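See below for the structure under consideration.
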Amino acid sequence: MIKAIFEGLDVSRETLERLTTYVDLVNRWNPKINLVSRNSLNEIWVRHIKDSVQVYRCADTFDNWADLGSGGGFPGMVCALMAVEENPNAEFTFVESDQRKSAFLRNVARECGANCKIISKRIEAVGSLNAQVLSARALADLKTLLSYCDRHLSESGVALLPKGANWKKELDDAREEWNFQADPITSLTEPQAVILKIKGVSRG
């Protein structure tokens, strides 16, 4: 049963219905625009949905959230769907340069009632988003992500960046160029992976 996957993450029945609609749309669009790999599509509820819900649960209070390199919407769209009930006034901004993936995200937002804006540009071409929360998954190494944080996070903002087993090396490499606080939160879906909760980004 799908609800059992989210034990301890407090996902309501209404939110689960929205997430189910979203999964149906991913399945429908994926053969045309490759939103996720075919292998991971079979494990979408854990590999992509639960993985994204845990990112949402790491966020503090927020009014606006930016998701960079949004692709198929993980974690950004999942977080926006969580917020429909829990934080309905919050605004989400997705930055995705691929026009077809942007069209998919707009379709999901319309069908599921998510409060979000999609910007179809490269991240470097977007003016400062001044986000209170910033997320990005499987987009770039931490050093590069911190340059995006420097540009797009508000002064007191928090970045939530899922990272794989190599996260400690990425932290060490990033500290050569950047000052920041990092709190690694162990992933619920992959024991060696973490969500890096990052604050206070400035050039070293």
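The values are calculated or read from the model by the stated rules, or taken from the named source; none is laboratory data. Worth saying up front: this structure is predicted, and the values here are computed from it rather than measured. Positions of Cβ are generated from backbone atoms using ideal geometry, with glycine treated the same way; all protein chains shown enter the neighbour counts. The protein model used for the area step is the full one, side chains on, heavy atoms only, and it has no ligands, DNA or RNA in it. Shrake-Rupley method; radii C 1.70, N 1.55, O 1.52, S 1.80 Å.
Odds and ends about this structure:
- Label of the coordinate-derived value, Rg and Dmax of the Cα atoms in Å, listed as (i) 15.9, 48; (ii) 15.6, 45; (iii) 16.4, 45: (i)
- Alpha carbon centroid spacing (whole Å) that separates the range 19-63 from the range 130-204: 21 Å
- Ligands, DNA and RNA left out, the 1.4 Å accessible surface of the chain is 44% carbon and sulfur atoms.
- The mean sequence separation of alpha-carbon pairs under 8 Å and at least six residues apart, normalised by the residue count of the range 19-149, gives a relative contact order of 27 percent.
- Mean residue ellipticity at 222 nm, helices only, the chain: -11500 deg cm²/dmol; runs of at least 4 DSSP H residues each add -39,500 (n - 2.57), and the sum is divided by the number of residues.
- In terms of its alpha-carbon gyration tensor, the range 31-146 comes out rounded; the largest-to-smallest axis ratio a/c stays below the 1.5 threshold.
- Unit charges at the beta carbon, dipole of the range 45-134: most positive-side option, Val84, Ala131, Val95: Val95
- The slack between Asp173 and Ser202, meaning 0.36 nm per residue of separation minus the straight C-alpha distance, is 9.0 nm.
- Near-label residues of the range 95-132 by backbone N, under 17 Å of a point 7 Å along Cα→Cβ of Thr21: 104-117
- GNM result for the chain, Cα springs below 10 Å: residue of Lys32, Lys143, Lys101 fluctuating most strongly: Lys32
- Accessible surface area normalised per residue over the chain is 49 Å², counting heavy atoms of protein chains with a 1.4 Å rolling probe.
- In this rough spin-label picture, where each label sits 7 Å from Cα along the Cβ direction, the Gln192-Ala165 distance is 0.1 nm.
- Segment Thr144-Leu41, length gained on full extension (0.36 nm per residue, minus Cα span): 34.3 nm
- In Å², nearest 10: area of Leu16 left accessible to a 1.4 Å probe: 20 Å²
- The range 109-204: relative contact order as a whole-number percent, Cα under 8 Å and 6+ apart: 26 percent
- A crude spin-label estimate for the pair Glu111 and Met1, with each label 7 Å from Cα along the Cβ direction, gives 2.6 nm.
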